[in-house]
Amino acid sequence: MDSIDVTYRFPAGTDAAREARVIAVGQTAGTWGPEWESRAGRLKSHLAQVQDVLPQADGTSLAVVRFPLANCPEGIGSLLTMVYGKYSLSGPARIVAIRLPRGWGVPSGFGIEGIRRVTGVVDRPLFMGIFKPSLGLTPADHARILEEAGMNGLDVIKDDEILPDLPDCPALERLRACRPALERIRKLRESRGQGEMLYAINLSGRADTLPDLARRLVAEGANALLLNVLAYGYPILEALASDPSIRVPLFVHPAFAGAISGARDWGLDYSVTLGTLASEAGADAVLIPTHYGSLPFSEEEERRVREILRGKGVFPVPSAGVHPGILPRVMADYGTDAIVNAGTGIMDHPGGVGQGVRAFFEAFDRYRKNQSFSPETLPEGPLKAAIGRWGS
């Protein structure tokens, strides 16, 4: 495949064929006058072509525009400038799919297979927690929470995405405080035939400092990183994933995705921002809001993102409002190839952080055995306490 196919959706009442031609010409070589006619063949080789215009039952139309690969051999920054750039200012039009040639993007360094290898978890979903409260904790607080969670079996923990490199709780100091606990947890997991617990440290800063922070963290023993890719940009993720000195799993957070994908007739579908582009930029795992969680995310959008990520070997991470009581719904949607992510659903458990982790393992055990989650059928313990607080 030597081209890039982009599918646009136009609202009812739009002359979709005309707009698709505007994109094909205006977002590529444009028009030219007689003085360039002698080079028309070269110029035409850069023009995109409208492949199809498909009216939909709801009055909208889909148009497929094929762009020459030579216009954009690599890099999501130039890709987005080409396929949507100035045209995004023209009026309502939404990109619903981008089809790229195999091998075009930055490959994931770990993905599903690699993260399973590092953690030693091969036969179940991984369980992930989020430090809470989000802000105001000290590095020592992080270490205490991490150790309690990890000693009770948690596979991954991450900073909250809104925690930057604060002067009173900088990323390097968080890592240094947590490293002894991570080593004790590693030894415990090793005795159980498992690998490391991952701590995904949030990256923040200017574009000229962020990759250096990532390299310093990895040099001091960081074993995972978190990036708000929509806020910092896909080129930053591409740079991190391509850097041989940053060989740790890269977790991608969907913060700011709603500003780009939230409107029906504008922007890019979530399947593009969180699925296609995140995976093509080198993500190893991508957080996705669950449609039954705390954010208004549609079931169909969640499914499309999940399928695109798995097609690229990238871990989907169901998130936002996840707690032990809804684990059967998560399992029905995702199966075992997922990282189940909970913040409040672990950290605010009535019995504390450790019991919050154990509640998820108890829930998974009951799910495997096809046992009821009705409160009256549950034995006293972490799961019953969790369902008593958050329901099922």
(request) Residues being touching a Lys or Arg at 6+ places or on another chain (Cβ under 7 Å) and without any contact (Cβ under 8 Å) to a residue 12 or more places away in the chain: count how many of those fall in the stretch 88-140. (result) 1
(message) On the basis of being among the β-branched types (V, I, T) and touching a Ser or Thr at 6+ places or on another chain (Cβ under 8 Å), does V330 make the cut?
(response) yes
(request) Check whether at least one residue in the stretch 41-62 is within 28 Å of the chain's Cα centre (by Cα), of a type outside the set (D, E) and not assigned by TED's automatic domain parsing to the domain that holds L277, and report yes or no. (result) yes
(request) Could you grab me the full set of residues in the stretch 286-302 that are surrounded by fewer than 21 Cβ atoms within 10 Å (Cβ to Cβ) and among the polar types (S, T, N, Q)? (result) S294, S298
(request) Answer yes if at least one residue in the stretch 33-45 is surrounded by 12 or more Cβ atoms within 10 Å (Cβ to Cβ), within 27 Å of Y234 (Cβ to Cβ) and free of Cβ contacts under 8 Å to residues at least 60 places away in the same chain, and no otherwise. (result) yes
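Quick one: would you say D2 is under 27 Å from A241 (Cα atoms) and either at pLDDT 95 or above or not β-branched (V, I, T) (or both)?
When the stated conditions are applied, D2 passes them.
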(message) Out of everything in the stretch 97-128 that is of a type in the set (K, R) and either at pLDDT below 95 or within 19 Å of the chain's Cα centre (by Cα) (or both), what residue ends up being farthest from I308 (Cα to Cα)?
(response) R116
(request) Those residues that are of a type in the set (A, V, I, L, M, F, W, C), part of a loop (DSSP other than H, G, I, E, B) and within 20 Å of L287 (Cα to Cα), I need them from the stretch 190-212; list them, please. (result) M197, L203
(message) I need every pair where a residue in the stretch 254-272 that is assigned by TED's automatic domain parsing to the domain that holds P316 and closer than 10 Å to A231 by Cβ has its Cβ under 6 Å from the Cβ of a residue that is in a loop (DSSP other than H, G, I, E, B) and not polar (S, T, N, Q), sequence separation at least 6 or different chains.
(response) A255/E161
(request) Given the conditions (1) farther than 30 Å from S242 by Cα; (2) of a type in the set (F, W, Y); (3) touching a residue at least 12 places away in the same chain (Cβ under 8 Å), report the number of the one that F67 does not fulfil. (result) (1)
(request) Hey, could you check the stretch 1-32 for residues that are small (G, A, S) and within 32 Å of the chain's Cα centre (by Cα) and say which is surrounded by the fewest Cβ atoms within 10 Å (Cβ to Cβ)? (result) A12
(message) When you scan the stretch 68-77, do you find a residue that is under 23 Å from G262 (Cβ atoms), within 22 Å of the chain's Cα centre (by Cα) and either part of a loop (DSSP other than H, G, I, E, B) or in the same structural domain as L154 (by TED's automatic domain parsing) (or both), even just one?
(response) no
(request) Could you tell me whether F131 is under 28 Å from A12 (Cα atoms) and either buried (at least 19 other Cβ atoms within 10 Å of the Cβ) or modelled with pLDDT of 95 or more (or both)? (result) no
(message) Taking the conditions exactly as written (at positive phi and within 25 Å of the chain's Cα centre (by Cα)), does G195 satisfy them or not?
(response) no
(request) Could you tell me whether F256 is buried (at least 23 other Cβ atoms within 10 Å of the Cβ) and not small (G, A, S)? (result) no
(message) Just to verify a result, which residue in the stretch 213-272, among those that are part of a helix (DSSP H, G or I) and among the polar types (S, T, N, Q), is nearest to A200 (Cα to Cα)?
(response) S242
(message) I'm trying to understand the selection: among the residues of the stretch 318-344, which are within 24 Å of E300 (Cα to Cα) and in a helix (DSSP H, G or I)?
(response) P324, G325, I326, L327, P328, R329, V330, M331, A332, D333, Y334
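The values are calculated or read from the model by the stated rules, or taken from the named source; none is laboratory data. Just so you know, these numbers come straight off a predicted model, no measurement behind them. Every residue, glycine as well, gets a Cβ built from its backbone with ideal geometry; the counts of neighbours run over all protein chains shown.
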